[in-house]
1. List the pairs whose first member sits in region B:79-101 and is over 23 Å from B:Leu123 (Cβ atoms), whose second member is of a type outside the set (Lys, Arg), and whose Cβ atoms are under 6 Å apart, counting only residues at least 6 apart or on separate chains?
2. Would you check if A:Ile142 is over 15 Å from the mean Cα position of the chain (by Cα) and either modelled with pLDDT of 95 or more or assigned to a strand (DSSP E or B) (or both)?
3. For region B:163-183, does any single residue satisfy the condition of being outside the structural domain of B:Ala16 (by TED's automatic domain parsing), assigned to a strand (DSSP E or B) and under 16 Å from the mean Cα position of the chain (by Cα)?
4. Hey, among the residues in region B:123-145 that are within 11 Å of chain A (Cβ to nearest Cβ) and not in a helix (DSSP H, G or I), which one's most open to solvent (accessible area, probe 1.4 Å)?
5. If A:Glu10 satisfies every condition in (1) over 17 Å from the mean Cα position of the chain (by Cα); (2) open to solvent by 60 Å² or more (accessible area, probe 1.4 Å) but one, which is the exception?
6. Counting only residues that are more than 7 Å from chain A (Cβ to nearest Cβ) and touching a helix residue (DSSP H, G or I) at 6+ places or on another chain (Cβ under 9 Å), which one in region B:105-115 is surrounded by the fewest Cβ atoms within 10 Å (Cβ to Cβ)?
7. If I ask for residues that are touching a strand residue (DSSP E or B) at 6+ places or on another chain (Cβ under 6 Å), closer than 15 Å to B:Phe140 by Cβ and crowded, with 19+ Cβ neighbours inside 10 Å, which ones from region B:189-220 would you list?
8. Among the residues of region A:103-125, write down those that are of a type outside the set (Gly, Ala, Ser) and out of contact with any helix residue (DSSP H, G or I) (no Cβ under 9 Å at 6 or more places or on another chain).
Amino acid sequence: MILIIDTCKERLHYFEFVKPVEDVLNKQGMGFWTKHYLNVSDKDLIKAKKIIICGTSLQDNQFVEDIDYFSWLKNFEKPVLGICAGMQIIGLVFGGRIKKETEIGFFKEKFEKRFLGLNGGLEVYHLHNNFIDFFKLSDFEIFSGNKIPQAVRHKKIYGVLFHPEVRNKELILDFVKNG
Amino acid sequence: MKLGILFSGGKDSGLALFLAKKQGYKISCLISIVSENKYSYMFHTPLIQRVEKQAEVMGIPLIIKKTKGEKEKELKDLEIAIRKAKKEYKIGGIITGAVESVYQASRVQKICNKLNLECFNPLWQKDQFELLDDLIKNKFEVIVAGVSAYPLDENFLGRKVDKNFVVEMRKLWERFKINPAGEGGEFESFVLNCSMFKRGLKMIGKEISGRENSWSLEGDVE
(Lines give C-alpha, C1' and ligand atoms only; values in the text may rest on other atoms or scores of the structure.)
Protein backbone atom coordinates (compact mmCIF):
# COMPACT_ATOMS: atom_id res chain seq x y z
CA MET A 1 0.00 0.00 0.00
CA ILE A 2 1.13 3.50 -0.85
CA LEU A 3 0.76 6.38 1.55
CA ILE A 4 -0.13 9.68 -0.12
CA ILE A 5 0.67 12.69 2.03
CA ASP A 6 -1.40 15.84 1.59
CA THR A 7 0.62 19.03 2.25
CA CYS A 8 -2.17 21.56 1.64
CA LYS A 9 -3.11 24.06 4.30
CA GLU A 10 -6.45 24.78 2.60
CA ARG A 11 -8.72 21.73 2.31
CA LEU A 12 -10.13 22.89 -1.05
CA HIS A 13 -6.64 22.42 -2.53
CA TYR A 14 -6.96 18.66 -1.96
CA PHE A 15 -8.89 18.43 -5.25
CA GLU A 16 -6.12 20.11 -7.20
CA PHE A 17 -2.96 18.65 -5.70
CA VAL A 18 -3.88 15.32 -4.09
CA LYS A 19 -6.87 13.88 -5.95
CA PRO A 20 -5.13 13.89 -9.35
CA VAL A 21 -2.34 11.74 -7.82
CA GLU A 22 -4.95 9.44 -6.26
CA ASP A 23 -6.66 9.20 -9.67
CA VAL A 24 -3.43 8.03 -11.33
CA LEU A 25 -3.15 5.20 -8.79
CA ASN A 26 -6.87 4.42 -8.89
CA LYS A 27 -6.82 3.97 -12.68
CA GLN A 28 -4.14 1.31 -12.25
CA GLY A 29 -5.98 -0.35 -9.36
CA MET A 30 -3.15 0.40 -6.96
CA GLY A 31 -3.91 0.45 -3.25
CA PHE A 32 -3.26 3.63 -1.29
CA TRP A 33 -4.46 5.73 1.58
CA THR A 34 -4.16 9.47 2.06
CA LYS A 35 -3.29 11.46 5.15
CA HIS A 36 -2.52 15.09 5.84
CA TYR A 37 1.03 15.54 7.10
CA LEU A 38 -0.25 16.76 10.46
CA ASN A 39 -1.87 13.35 11.01
CA VAL A 40 0.79 10.93 9.75
CA SER A 41 1.62 8.46 12.52
CA ASP A 42 4.51 6.05 13.10
CA LYS A 43 2.05 3.26 12.24
CA ASP A 44 1.43 4.85 8.83
CA LEU A 45 5.15 5.02 8.15
CA ILE A 46 5.61 1.37 9.09
CA LYS A 47 2.62 0.24 7.03
CA ALA A 48 3.57 2.22 3.89
CA LYS A 49 5.55 0.41 1.21
CA LYS A 50 6.12 3.68 -0.61
CA ILE A 51 5.20 7.30 0.03
CA ILE A 52 4.19 10.14 -2.28
CA ILE A 53 4.33 13.66 -0.81
CA CYS A 54 2.09 15.91 -2.92
CA GLY A 55 2.46 19.56 -3.81
CA THR A 56 0.41 22.55 -2.78
CA SER A 57 -0.50 26.03 -4.03
CA LEU A 58 1.81 28.93 -4.89
CA GLN A 59 0.73 30.90 -1.82
CA ASP A 60 0.89 28.01 0.64
CA ASN A 61 4.16 27.71 2.54
CA GLN A 62 2.76 26.39 5.81
CA PHE A 63 4.77 23.19 5.34
CA VAL A 64 7.97 25.20 5.80
CA GLU A 65 6.80 26.30 9.26
CA ASP A 66 5.85 22.70 10.02
CA ILE A 67 8.96 21.04 8.62
CA ASP A 68 9.55 19.13 11.88
CA TYR A 69 6.56 16.94 10.98
CA PHE A 70 8.75 15.48 8.23
CA SER A 71 11.86 14.70 10.30
CA TRP A 72 11.12 10.97 9.77
CA LEU A 73 12.39 11.40 6.19
CA LYS A 74 15.97 11.62 7.39
CA ASN A 75 16.10 7.94 8.35
CA PHE A 76 13.35 6.55 6.13
CA GLU A 77 14.60 3.66 3.99
CA LYS A 78 11.58 2.97 1.79
CA PRO A 79 10.92 4.80 -1.53
CA VAL A 80 9.57 8.33 -1.34
CA LEU A 81 8.53 10.65 -4.17
CA GLY A 82 8.22 14.35 -3.36
CA ILE A 83 6.27 16.50 -5.82
CA CYS A 84 6.98 20.26 -5.86
CA ALA A 85 6.33 21.18 -2.20
CA GLY A 86 7.15 17.52 -1.48
CA MET A 87 10.54 17.99 -3.14
CA GLN A 88 11.12 21.19 -1.17
CA ILE A 89 10.26 19.33 2.03
CA ILE A 90 12.84 16.64 1.20
CA GLY A 91 15.46 19.30 0.54
CA LEU A 92 14.70 21.19 3.76
CA VAL A 93 14.89 18.02 5.87
CA PHE A 94 18.31 17.25 4.39
CA GLY A 95 19.60 20.76 5.18
CA GLY A 96 18.84 22.56 1.92
CA ARG A 97 17.87 26.21 1.65
CA ILE A 98 14.93 27.76 -0.15
CA LYS A 99 15.56 30.03 -3.12
CA LYS A 100 12.99 32.11 -4.98
CA GLU A 101 12.09 31.55 -8.61
CA THR A 102 8.59 31.54 -10.02
CA GLU A 103 7.69 29.21 -12.87
CA ILE A 104 4.06 28.73 -13.91
CA GLY A 105 2.82 26.70 -16.89
CA PHE A 106 4.49 24.44 -19.42
CA PHE A 107 8.28 24.39 -19.61
CA LYS A 108 10.71 22.21 -21.52
CA GLU A 109 13.16 20.38 -19.28
CA LYS A 110 15.99 18.10 -20.28
CA PHE A 111 16.66 14.86 -18.44
CA GLU A 112 20.34 14.10 -18.83
CA LYS A 113 19.85 10.60 -17.46
CA ARG A 114 16.81 8.38 -17.19
CA PHE A 115 14.71 9.40 -14.19
CA LEU A 116 11.65 7.35 -13.26
CA GLY A 117 11.01 6.61 -16.92
CA LEU A 118 11.66 10.16 -18.18
CA ASN A 119 14.53 10.79 -20.55
CA GLY A 120 15.67 13.58 -22.90
CA GLY A 121 13.73 16.80 -23.54
CA LEU A 122 10.20 16.86 -22.18
CA GLU A 123 7.40 19.30 -21.50
CA VAL A 124 6.48 19.55 -17.81
CA TYR A 125 3.99 21.63 -15.84
CA HIS A 126 5.43 24.00 -13.27
CA LEU A 127 3.67 25.78 -10.42
CA HIS A 128 6.13 27.09 -7.87
CA ASN A 129 7.55 30.28 -6.38
CA ASN A 130 10.48 28.55 -4.66
CA PHE A 131 12.96 25.75 -5.11
CA ILE A 132 15.68 24.11 -3.08
CA ASP A 133 19.31 24.56 -3.96
CA PHE A 134 20.11 20.85 -4.25
CA PHE A 135 23.46 21.70 -5.87
CA LYS A 136 24.74 22.25 -2.32
CA LEU A 137 23.44 18.89 -1.06
CA SER A 138 26.11 16.42 -2.04
CA ASP A 139 23.99 13.39 -1.12
CA PHE A 140 21.60 14.16 -3.97
CA GLU A 141 22.12 13.38 -7.63
CA ILE A 142 20.54 15.90 -10.03
CA PHE A 143 18.94 14.44 -13.15
CA SER A 144 17.51 17.61 -14.68
CA GLY A 145 18.01 21.36 -14.34
CA ASN A 146 21.15 23.45 -14.79
CA LYS A 147 20.09 26.39 -12.65
CA ILE A 148 16.99 25.07 -10.91
CA PRO A 149 17.12 21.40 -9.91
CA GLN A 150 14.06 19.76 -11.43
CA ALA A 151 14.57 16.09 -10.57
CA VAL A 152 16.79 14.70 -7.82
CA ARG A 153 17.47 11.41 -6.06
CA HIS A 154 19.17 10.30 -2.89
CA LYS A 155 19.07 6.53 -2.35
CA LYS A 156 15.33 5.72 -2.67
CA ILE A 157 14.17 9.31 -2.15
CA TYR A 158 13.09 11.09 -5.33
CA GLY A 159 12.03 14.67 -5.82
CA VAL A 160 10.52 16.55 -8.77
CA LEU A 161 9.87 20.27 -8.84
CA PHE A 162 7.27 19.97 -11.61
CA HIS A 163 3.82 18.36 -11.32
CA PRO A 164 3.85 14.91 -12.97
CA GLU A 165 0.15 14.44 -12.15
CA VAL A 166 -0.59 17.06 -14.84
CA ARG A 167 1.50 16.04 -17.87
CA ASN A 168 3.89 13.24 -16.86
CA LYS A 169 1.64 10.75 -15.12
CA GLU A 170 3.91 7.91 -16.27
CA LEU A 171 6.54 9.14 -13.79
CA ILE A 172 4.20 8.41 -10.88
CA LEU A 173 3.47 4.94 -12.22
CA ASP A 174 7.17 4.26 -12.75
CA PHE A 175 7.88 5.30 -9.16
CA VAL A 176 5.15 3.00 -7.87
CA LYS A 177 6.29 0.05 -9.99
CA ASN A 178 10.07 0.50 -10.04
CA GLY A 179 11.07 3.23 -7.58
CA MET B 1 -11.29 32.40 4.05
CA LYS B 2 -13.61 34.44 1.85
CA LEU B 3 -13.38 33.57 -1.84
CA GLY B 4 -14.44 34.93 -5.20
CA ILE B 5 -15.11 32.72 -8.18
CA LEU B 6 -14.54 33.26 -11.89
CA PHE B 7 -18.05 32.44 -12.94
CA SER B 8 -19.16 31.86 -16.53
CA GLY B 9 -22.58 30.44 -15.73
CA GLY B 10 -21.53 27.08 -17.14
CA LYS B 11 -21.20 23.64 -15.60
CA ASP B 12 -17.53 23.84 -14.61
CA SER B 13 -17.63 27.07 -12.63
CA GLY B 14 -20.97 25.91 -11.19
CA LEU B 15 -19.52 22.61 -9.96
CA ALA B 16 -16.36 24.33 -8.65
CA LEU B 17 -18.56 26.72 -6.67
CA PHE B 18 -20.61 23.81 -5.33
CA LEU B 19 -17.46 21.97 -4.15
CA ALA B 20 -16.08 25.08 -2.43
CA LYS B 21 -19.35 25.68 -0.59
CA LYS B 22 -19.52 22.01 0.40
CA GLN B 23 -16.06 22.38 1.93
CA GLY B 24 -17.37 25.28 4.02
CA TYR B 25 -15.88 28.25 2.18
CA LYS B 26 -17.78 31.51 2.05
CA ILE B 27 -18.24 32.75 -1.49
CA SER B 28 -18.27 36.53 -1.34
CA CYS B 29 -18.64 37.33 -5.01
CA LEU B 30 -18.93 35.98 -8.53
CA ILE B 31 -16.66 37.51 -11.15
CA SER B 32 -17.82 37.30 -14.76
CA ILE B 33 -15.92 38.48 -17.79
CA VAL B 34 -18.16 39.35 -20.70
CA SER B 35 -16.14 39.04 -23.87
CA GLU B 36 -17.07 40.59 -27.20
CA ASN B 37 -14.92 37.96 -28.87
CA LYS B 38 -16.90 34.77 -29.21
CA TYR B 39 -13.69 32.91 -30.10
CA SER B 40 -11.91 33.92 -26.86
CA TYR B 41 -9.51 31.26 -25.57
CA MET B 42 -9.97 32.55 -22.04
CA PHE B 43 -13.65 33.22 -21.55
CA HIS B 44 -16.87 31.36 -22.17
CA THR B 45 -19.35 33.44 -24.19
CA PRO B 46 -22.79 31.83 -24.78
CA LEU B 47 -25.43 33.20 -22.37
CA ILE B 48 -22.72 34.98 -20.34
CA GLN B 49 -25.07 37.97 -19.97
CA ARG B 50 -27.46 35.70 -18.06
CA VAL B 51 -25.09 35.23 -15.11
CA GLU B 52 -26.92 38.16 -13.50
CA LYS B 53 -29.97 35.95 -13.07
CA GLN B 54 -27.87 33.11 -11.65
CA ALA B 55 -26.23 35.51 -9.19
CA GLU B 56 -29.68 36.73 -8.17
CA VAL B 57 -31.04 33.25 -7.46
CA MET B 58 -27.90 32.34 -5.52
CA GLY B 59 -27.91 35.61 -3.57
CA ILE B 60 -24.22 36.22 -4.30
CA PRO B 61 -22.94 39.64 -5.43
CA LEU B 62 -21.68 39.78 -9.01
CA ILE B 63 -18.81 41.74 -10.52
CA ILE B 64 -19.10 42.01 -14.30
CA LYS B 65 -16.22 43.22 -16.41
CA LYS B 66 -16.54 43.71 -20.13
CA THR B 67 -13.61 42.96 -22.42
CA LYS B 68 -13.02 43.21 -26.14
CA GLY B 69 -11.52 39.76 -25.85
CA GLU B 70 -8.18 40.60 -27.47
CA LYS B 71 -5.49 38.11 -26.55
CA GLU B 72 -3.47 39.16 -23.47
CA LYS B 73 -5.44 42.45 -23.21
CA GLU B 74 -8.35 40.42 -21.87
CA LEU B 75 -6.04 39.31 -19.07
CA LYS B 76 -5.60 42.94 -18.02
CA ASP B 77 -9.40 43.20 -17.79
CA LEU B 78 -9.51 40.00 -15.74
CA GLU B 79 -6.88 41.39 -13.38
CA ILE B 80 -8.89 44.60 -12.97
CA ALA B 81 -11.96 42.56 -12.02
CA ILE B 82 -10.04 40.40 -9.54
CA ARG B 83 -8.42 43.48 -7.97
CA LYS B 84 -11.91 44.95 -7.55
CA ALA B 85 -13.14 41.76 -5.87
CA LYS B 86 -10.15 41.77 -3.51
CA LYS B 87 -10.72 45.40 -2.58
CA GLU B 88 -14.51 45.33 -2.25
CA TYR B 89 -15.04 41.88 -0.73
CA LYS B 90 -11.70 41.30 1.04
CA ILE B 91 -11.35 37.92 -0.59
CA GLY B 92 -8.31 35.76 0.11
CA GLY B 93 -8.55 33.66 -3.01
CA ILE B 94 -10.11 32.94 -6.37
CA ILE B 95 -11.78 29.72 -7.50
CA THR B 96 -11.81 28.67 -11.14
CA GLY B 97 -13.51 25.85 -13.01
CA ALA B 98 -10.33 24.94 -14.91
CA VAL B 99 -10.12 21.24 -15.75
CA GLU B 100 -7.48 20.67 -18.41
CA SER B 101 -6.56 23.99 -19.96
CA VAL B 102 -3.07 24.99 -18.87
CA TYR B 103 -3.49 28.08 -21.08
CA GLN B 104 -6.37 29.34 -18.92
CA ALA B 105 -5.25 28.01 -15.55
CA SER B 106 -1.68 29.29 -15.71
CA ARG B 107 -2.84 32.78 -16.62
CA VAL B 108 -5.20 32.96 -13.67
CA GLN B 109 -2.50 31.48 -11.42
CA LYS B 110 -0.12 34.28 -12.48
CA ILE B 111 -2.66 37.02 -11.77
CA CYS B 112 -3.54 35.56 -8.36
CA ASN B 113 0.11 35.10 -7.47
CA LYS B 114 0.83 38.71 -8.38
CA LEU B 115 -2.05 39.87 -6.15
CA ASN B 116 -1.10 37.49 -3.29
CA LEU B 117 -4.35 35.59 -3.63
CA GLU B 118 -4.83 31.85 -3.32
CA CYS B 119 -5.96 30.22 -6.56
CA PHE B 120 -8.24 27.19 -6.23
CA ASN B 121 -8.93 24.81 -9.12
CA PRO B 122 -11.05 22.06 -7.58
CA LEU B 123 -11.79 20.39 -10.93
CA TRP B 124 -8.15 20.34 -12.04
CA GLN B 125 -7.30 17.14 -13.98
CA LYS B 126 -10.67 15.65 -13.14
CA ASP B 127 -11.79 12.80 -15.37
CA GLN B 128 -14.39 14.29 -17.70
CA PHE B 129 -16.89 11.46 -17.33
CA GLU B 130 -16.56 11.76 -13.54
CA LEU B 131 -17.26 15.48 -13.90
CA LEU B 132 -20.47 14.82 -15.85
CA ASP B 133 -21.48 12.15 -13.34
CA ASP B 134 -20.90 14.57 -10.45
CA LEU B 135 -23.20 17.12 -12.09
CA ILE B 136 -25.96 14.53 -12.45
CA LYS B 137 -25.42 13.06 -8.98
CA ASN B 138 -25.62 16.52 -7.42
CA LYS B 139 -28.77 17.37 -9.37
CA PHE B 140 -27.42 20.12 -11.57
CA GLU B 141 -29.75 21.08 -14.40
CA VAL B 142 -27.40 22.02 -17.19
CA ILE B 143 -28.08 22.69 -20.87
CA VAL B 144 -25.78 22.91 -23.87
CA ALA B 145 -25.46 26.59 -24.85
CA GLY B 146 -22.98 26.36 -27.70
CA VAL B 147 -21.25 23.80 -29.90
CA SER B 148 -18.16 24.11 -32.04
CA ALA B 149 -16.94 20.74 -33.22
CA TYR B 150 -17.98 18.13 -35.74
CA PRO B 151 -20.33 16.22 -35.46
CA LEU B 152 -22.12 18.43 -32.92
CA ASP B 153 -24.73 20.66 -34.54
CA GLU B 154 -27.68 22.90 -33.70
CA ASN B 155 -29.68 19.91 -32.49
CA PHE B 156 -27.43 19.78 -29.43
CA LEU B 157 -28.36 23.30 -28.32
CA GLY B 158 -30.62 23.28 -25.28
CA ARG B 159 -29.99 19.59 -24.58
CA LYS B 160 -29.86 18.63 -20.94
CA VAL B 161 -26.71 17.12 -19.49
CA ASP B 162 -28.28 13.92 -18.17
CA LYS B 163 -27.56 10.19 -18.28
CA ASN B 164 -28.56 9.94 -21.96
CA PHE B 165 -26.26 12.81 -22.78
CA VAL B 166 -23.35 11.02 -21.07
CA VAL B 167 -24.09 7.83 -23.04
CA GLU B 168 -24.03 9.81 -26.27
CA MET B 169 -20.86 11.67 -25.31
CA ARG B 170 -19.17 8.36 -24.60
CA LYS B 171 -19.98 7.22 -28.15
CA LEU B 172 -18.75 10.53 -29.58
CA TRP B 173 -15.57 10.21 -27.52
CA GLU B 174 -14.93 6.72 -28.82
CA ARG B 175 -15.68 7.59 -32.42
CA PHE B 176 -14.55 11.21 -32.83
CA LYS B 177 -12.46 11.91 -29.70
CA ILE B 178 -14.94 14.59 -28.66
CA ASN B 179 -14.05 15.50 -25.08
CA PRO B 180 -17.07 14.33 -23.05
CA ALA B 181 -17.13 17.46 -20.88
CA GLY B 182 -16.21 19.75 -23.78
CA GLU B 183 -12.70 20.41 -22.53
CA GLY B 184 -11.45 20.92 -26.05
CA GLY B 185 -14.01 23.69 -26.54
CA GLU B 186 -16.42 21.29 -28.25
CA PHE B 187 -19.40 22.67 -26.35
CA GLU B 188 -20.38 25.28 -23.78
CA SER B 189 -23.05 24.96 -21.13
CA PHE B 190 -25.37 26.94 -18.86
CA VAL B 191 -26.69 26.01 -15.41
CA LEU B 192 -30.46 26.45 -15.08
CA ASN B 193 -30.79 24.96 -11.61
CA CYS B 194 -28.86 23.34 -8.78
CA SER B 195 -29.02 23.11 -4.99
CA MET B 196 -27.38 26.54 -4.63
CA PHE B 197 -30.23 28.24 -6.51
CA LYS B 198 -33.24 29.48 -4.53
CA ARG B 199 -35.33 28.65 -7.60
CA GLY B 200 -34.78 27.16 -10.99
CA LEU B 201 -34.39 29.24 -14.13
CA LYS B 202 -35.92 28.60 -17.52
CA MET B 203 -35.06 29.88 -20.92
CA ILE B 204 -37.46 32.13 -22.76
CA GLY B 205 -37.25 33.47 -26.29
CA LYS B 206 -34.55 31.07 -27.42
CA GLU B 207 -32.55 32.18 -30.42
CA ILE B 208 -30.00 30.08 -32.18
CA SER B 209 -27.34 31.24 -34.55
CA GLY B 210 -24.41 29.71 -36.34
CA ARG B 211 -23.63 27.37 -39.18
CA GLU B 212 -22.31 23.88 -39.85
CA ASN B 213 -20.77 22.72 -36.53
CA SER B 214 -20.55 26.07 -34.77
CA TRP B 215 -23.79 27.13 -33.09
CA SER B 216 -24.78 29.13 -30.05
CA LEU B 217 -27.88 29.64 -28.03
CA GLU B 218 -29.04 33.05 -26.91
CA GLY B 219 -32.15 34.24 -25.17
CA ASP B 220 -33.40 35.36 -21.82
CA VAL B 221 -33.86 33.42 -18.61
CA GLU B 222 -36.46 33.92 -15.92
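The values are calculated or read from the model by the stated rules, or taken from the named source; none is laboratory data. This structure is a prediction, so every number in the text was calculated from the model and none was measured. Backbone-built Cβ (ideal geometry, glycine too); neighbour counts: all protein chains shown. Side chains included, ligands, DNA and RNA excluded: accessible areas come from the protein's heavy atoms. Shrake-Rupley method; radii C 1.70, N 1.55, O 1.52, S 1.80 Å.
1. B:Lys84/B:Ile63
2. It is false that A:Ile142 is over 15 Å from the mean Cα position of the chain (by Cα) and either modelled with pLDDT of 95 or more or assigned to a strand (DSSP E or B) (or both).
3. Checked against the condition, which is being outside the structural domain of B:Ala16 (by TED's automatic domain parsing), assigned to a strand (DSSP E or B) and under 16 Å from the mean Cα position of the chain (by Cα), region B:163-183 yields no hits at all.
4. Looking at the filtered set, the residue picked out is B:Asp127.
5. Tallying (1) over 17 Å from the mean Cα position of the chain (by Cα); (2) open to solvent by 60 Å² or more (accessible area, probe 1.4 Å), A:Glu10 fails exactly one: (2).
6. Among those residues, the one meeting the criterion is B:Lys114.
7. B:Ser189, B:Phe190, B:Val191, B:Leu192, B:Leu201
8. A:Glu103, A:Phe107, A:Lys108, A:Glu109, A:Lys110, A:Phe111, A:Glu112, A:Lys113, A:Arg114, A:Asn119
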